[in-house]
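Peer 1: Pasting a structure here, questions to come.
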Amino acid sequence: MSKNIAVFGTGYLGATHAACMAELGHEVIGVDIDKAKLAKLEAGEVPFFEPGLEEVLRRNISAGRLQFSDSYEEAARFADVHFIGVGTPQKTGEFAADLTYVNAVVETLAPMLNRPAVIFGKSTVPVGTAQRLGDRARELSPAGEAVEVAWNPEFLREGFAVQDTLHPDRLVLGIDRERPGRAEEVARQVYSAILEKDVPFIVTDLATSELVKTAANSFLATKISFINAMAEVCDAVNADVTVLADAIGHDARIGRRFMNAGIGFGGGCLPKDIRAFMARAGELGADQALTFLREVDNINMRRRLRMVEVTRDVMGGSLLGARVAVLGAAFKPESDDVRDSPALNIAGQIQLQGASVTVYDPKAIKNSRTQFPTLNYASNSIDACRGADVVLVLTEWPEFSNMVPEEIEPHVRNRVIIDGRNCLDPTQWESSGWEYHGVGVPTLGRRTDVDVRTQ
Ligand code: UGA
């Protein structure tokens, strides 16, 4: 059954959700306070890089199912199903999440709701937020108890946002157990096309649904830091973390996915979510339960520092005057997002130690320039590598992982490559005469596969 839906926030989450809800056949209005962003979306342009999203956006605008507006009044008149998809960034100088934008949606929208409505929160919020917003919405709305707040956390990954929204692993819905209302029934109608495909649908209370999201991101962050901790140990004994990950990953209880050692996790979600989770646990008197997340964060941040040290060591102990090429700036491939990007953080630190750093990324140059205007930027790998004393691969875009030594060889000053994502084939580079350094992988001559085969 087609619904009239409003989606508040048109960033990575909101724009994708709005377009995908229209793709499912609903009538959708995307609402934002940023007029420039709305103008782009209305013209069928996605203001960020997300594979496949532009097609879905255009198709649904043309079909008349998707529109955009900055008017809450219009959204309140148009829809009786509302999704909150605004950001919950880290507060400046604190670990806690900044709920200004989420609160603002409810404070503005609720007084305009004069008929029954369901507000589904999708943003990642500290546990307890949904209950508080529900109380506030009922208090502010002329429809009172007929306005419901439920929580429907989003698990999409940037780079796979459309796929993850239309074909999710699971749907989770938190409802107010004291006032079950219509939220579950409405969610089943909104997601009927997905639920028909036997996607697991977990209905629970509000607090559990909020915790599911933060627990999932904490687990993923822990998995990455676990393998990066193993990389540190491997480095100490010249063992190979990639072989180790492959070997333990065969155990289905462990699994190989999300166990790639490297310069660690970044982006607008994992780092701030684990910090907000620790802050919230502290408020609830359960901080001991999450002290391990502080270590997960420490291991992760240590990877960035370590990469700077490795680069300095390779340059003979000083970065002064060194020319460093950095391939990759986005926090991960298939994205132009540079929020808390390990790659840019490393590039910035190296530059601050006196090197001249030139960065190239297939999609993230524009965003990188805004965040780090003092770095040099190139428009392709060759230009970035021109005259380089050392080349750093910091985001595993296919164009870097498929790169062959001959492509950049004539342009560099020294054949030294540091693979921050373990995405290159060490043997290929070394056999072309390059000095190769990975993360937690043995240096030349001490690699087991080389030794075993040559003995
Ligand atoms: C993450 C979660 O994966 C999503 O499920 C969640 O919905 C989303 O956050 C969110 O909370 O909105 P995303 O931030 O798009 O998604 O990125 P990931 O694919 O999780 O990657 C995060 C970081 O971990 C990247 O910097 C990536 O390079 C790094 N990573 C990932 C590793 O260092 N090693 C790995 O093995 C995997």
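Just so you know, all these numbers are worked out from the coordinates, no wet-lab data involved. The shown structure was predicted, so the numbers you read here are calculated from the model rather than taken from an experiment. Neighbour counts are summed over all protein chains in view; Cβ atoms, including those assigned to glycine, are modelled from backbone coordinates with ideal geometry.
Peer 1: Among the listed residues VAL106, VAL127, identify the single one that is assigned to a helix (DSSP H, G or I) and more than 30 Å from GLY52 (Cα to Cα).
Peer 2: VAL106
Peer 1: Next question, about the same structure. Mind checking which residues of the stretch 90-123 are under 21 Å from the mean Cα position of the chain (by Cα), buried (at least 24 other Cβ atoms within 10 Å of the Cβ) and not aliphatic (A, V, I, L, M)?
Peer 2: GLY121, SER123
Peer 1: How about the stretch 336-369: which of its residues are of a type in the set (S, T, N, Q) and over 19 Å from ASN422 (Cα atoms)?
Peer 2: GLN349, GLN351, GLN353, SER356, THR358, ASN367, SER368
Peer 1: Residues to consider are PHE292, PHE277, PHE265; find the one that is under 18 Å from PHE226 (Cβ atoms), hydrophobic (A, V, I, L, M, F, W, C), in contact (Cβ under 8 Å) with a residue 12 or more places away in the chain and in a loop (DSSP other than H, G, I, E, B).
Peer 2: Details: PHE292 fails: in a loop (DSSP other than H, G, I, E, B); PHE277 fails: in a loop (DSSP other than H, G, I, E, B).
Matching residue, one of PHE292, PHE277, PHE265: PHE265.
Peer 1: Could you count how many residues in the stretch 304-340 are polar (S, T, N, Q) and either assigned to a strand (DSSP E or B) or surrounded by fewer than 22 Cβ atoms within 10 Å (Cβ to Cβ) (or both)?
Peer 2: Residues flagged as polar (S, T, N, Q) and either assigned to a strand (DSSP E or B) or surrounded by fewer than 22 Cβ atoms within 10 Å (Cβ to Cβ) (or both) within the stretch 304-340 amount to 1.
Peer 1: I've got another one for you. Residues that are among the acidic types (Asp, Glu) and under 24 Å from the mean Cα position of the chain (by Cα): does the stretch 197-204 have at least one?
Peer 2: no
Peer 1: Can you tell me how many residues within the stretch 5-52 are under 18 Å from ASP70 (Cβ atoms) and in contact with a strand residue (DSSP E or B) (Cβ under 6 Å, 6 or more places away or on another chain)?
Peer 2: Count: 15.
Peer 1: Quick test for you: out of PHE292, PHE277, pick the one residue that is of a type in the set (Phe, Trp, Tyr), over 27 Å from PRO398 (Cα atoms) and within 16 Å of the ligand (Cβ to nearest atom).
Peer 2: PHE277
Peer 1: Restricting attention to the stretch 349-362, does a residue exist that is in a strand (DSSP E or B), away from the ligand (no atom under 16 Å from the Cβ), touching a helix residue (DSSP H, G or I) at 6+ places or on another chain (Cβ under 8 Å) and not hydrophobic (A, V, I, L, M, F, W, C)? Break it down stepwise before answering.
Peer 2: Here is the first cut: in the stretch 349-362, the residues in a strand (DSSP E or B) are 356-360.
The next check asks that each one be away from the ligand (no atom under 16 Å from the Cβ); those that pass are 356-360.
Right, trim to touching a helix residue (DSSP H, G or I) at 6+ places or on another chain (Cβ under 8 Å) and you get 357-360.
Cutting the leftovers down to not hydrophobic (A, V, I, L, M, F, W, C) gives us 358, 360.
Yes; the residues of the stretch 349-362 include at least one that is in a strand (DSSP E or B), away from the ligand (no atom under 16 Å from the Cβ), touching a helix residue (DSSP H, G or I) at 6+ places or on another chain (Cβ under 8 Å) and not hydrophobic (A, V, I, L, M, F, W, C).
Peer 1: Right, another one. In the stretch 385-405, what residues are part of a helix (DSSP H, G or I) and crowded, with 24+ Cβ neighbours inside 10 Å?
Peer 2: Of everything in the stretch 385-405, just one residue is part of a helix (DSSP H, G or I) and crowded, with 24+ Cβ neighbours inside 10 Å, namely CYS385.
Peer 1: Turning to a different aspect of this structure: Whether any residue in the stretch 177-193 is in contact with a strand residue (DSSP E or B) (Cβ under 7 Å, 6 or more places away or on another chain), in contact (Cβ under 8 Å) with a residue 24 or more places away in the chain and at positive phi is what I want to check.
Peer 2: yes
Peer 1: Related question: Could you list, in sequence order, the residues of the stretch 163-188 that are within 13 Å of the ligand (Cβ to nearest atom), assigned to a helix (DSSP H, G or I) and either crowded, with 21+ Cβ neighbours inside 10 Å or small (Gly, Ala, Ser) (or both)?
Peer 2: Answer for the stretch 163-188, where residues must be within 13 Å of the ligand (Cβ to nearest atom), assigned to a helix (DSSP H, G or I) and either crowded, with 21+ Cβ neighbours inside 10 Å or small (Gly, Ala, Ser) (or both): just THR165.
Peer 1: Need pairs with beta-carbon distance below 9 Å; first residue within 13 Å of VAL7 (Cβ to Cβ) and within the stretch 61-72, second of a type in the set (Ser, Thr, Tyr) and part of a helix (DSSP H, G or I); sequence gap 6+ or separate chains.
Peer 2: Going by the 9 Å Cβ cut-off, the qualifying pairs are TYR72/THR108.
Peer 1: Restricted to the stretch 191-242, and to residues that are acidic (Asp, Glu) and over 24 Å from ASN422 (Cβ atoms), which residue is nearest to the ligand (Cβ to nearest atom)? Break it down stepwise before answering.
Peer 2: Start the filter on the stretch 191-242 by keeping residues that are acidic (Asp, Glu), which leaves 196, 198, 205, 210, 232, 235, 240.
Filter once more, so that each one left must be over 24 Å from ASN422 (Cβ atoms): 196, 198, 205, 210.
Values: GLU196: 23, ASP198: 21, ASP205: 21, GLU210: 13 Å.
So the residue we want is GLU210.
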